[in-house]
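Structure first, commentary second.
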Amino acid sequence: MFMFRFIEANSQIEGQDAQGNVIDLAGGSMFRSFDNRFKGIEGYPTLFKFYSPGQITMTTGKKVSYDSVNIDIYSSDLLVKRDKSESVFNRKLVKEFTMETEESTMTFVKIKNNEGDDVYYQFLAGVKLKLFKHSYKIIAGPTHSGAYSSGRTNSIFVENSKVYIQQNDGAMIELKNKKTLFSQFPDKEAEISQFIKDRDISLKNEDEAVRLIEYINTII
């Protein structure tokens, strides 16, 4: 169960105070009552169960840091925890943000999807050709079918992900298979195919897909 505070602003963030704490957004904030959408649903809508330190880059270029950042991948919202309450950061103000995990720094970029909605994609690799990952969750309902069923009796969050490539025109193309990739670079198909074969690249393996995109960037 979450209580979200929506952060709204009509002006830029002023900066940080002497202790390094982020000064509040100018303007007001509005609260909404406890969100009961997830009552009785097992799991959590966020990418991680726990929050991590992060930095938000605003559309104005300003950078602000928070001790507790997470991403709601059910609704594609950036969350900031302050004073033990979760706040939904105004998506219109965000360009990108990072999260510091034990393993690495994760970068998320706000990009319009093919339906025209602003969505946060995790940047994985690339310069001219970029590789992004879109993690999302859906709610799966109960699976019980009768009194003697051993199926699930409650709804749960189920996580999925898709990988996309983006060229300079900004279009997001789901990287479903090698055919999708070859269609974007028909003149480089032989070279890319040989690289995949020599290194036994699987597009379903994230690290191997990153290696492939990094290679393609050297030949395009």
Want the number for residue 155 to residue 190: 0.36 nm per residue separation, take away the alpha-carbon distance, what's left? 7.9 nm
Hey, can you grab everything whose amide H is under 5 Å from the amide H of residue 125? Only 5+ residues off in sequence or another chain; H modelled, so Pro and N-termini drop out. 131
Which residues' amide hydrogens lie under 5 Å from the amide hydrogen of residue 90, considering only partners 5 or more residues apart or on another chain, with H built in the peptide plane? 7
Over region 44-138, with every protein chain in place, what whole percent of the accessible area is carbon and sulfur at 1.4 Å, could you tell me? 47 percent
Mean accessible area per residue over region 89-214 (1.4 angstrom probe, all protein chains present, square angstrom) is 59 Å²
So who's got an amide H within less than 5 Å of the one on residue 48, skipping anything under 5 residues away but keeping other chains? H placed 1.01 Å off N, in plane. 71
Per-residue HN-Hα couplings for region 164-174, Karplus 6.51 cos²θ - 1.76 cosθ + 1.60 at θ = phi - 60°, whole Hz, x for Gly and Pro? 10, 10, 9, 8, 4, 6, x, 5, 9, 10, 5
Determine ³J(HN,Hα), in whole Hz, for all residues of region 103-109 in sequence, where each value follows from phi through the Karplus function 6.51 cos²θ - 1.76 cosθ + 1.60 and θ = phi - 60°; x replaces Gly and Pro. 8, 6, 9, 9, 10, 10, 10
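For 192, 219, give me the order by solvent-accessible area with a 1.4 Å probe, most accessible first, ignoring ligands, DNA and RNA.
219, 192
The values are calculated or read from the model by the stated rules, or taken from the named source; none is laboratory data. Since the structure is predicted, the reported quantities are computational estimates derived from the model, not experimental observations. Ligands, DNA and RNA are excluded from the accessible area calculation, which covers all protein heavy atoms including side chains. Shrake-Rupley method; radii C 1.70, N 1.55, O 1.52, S 1.80 Å.
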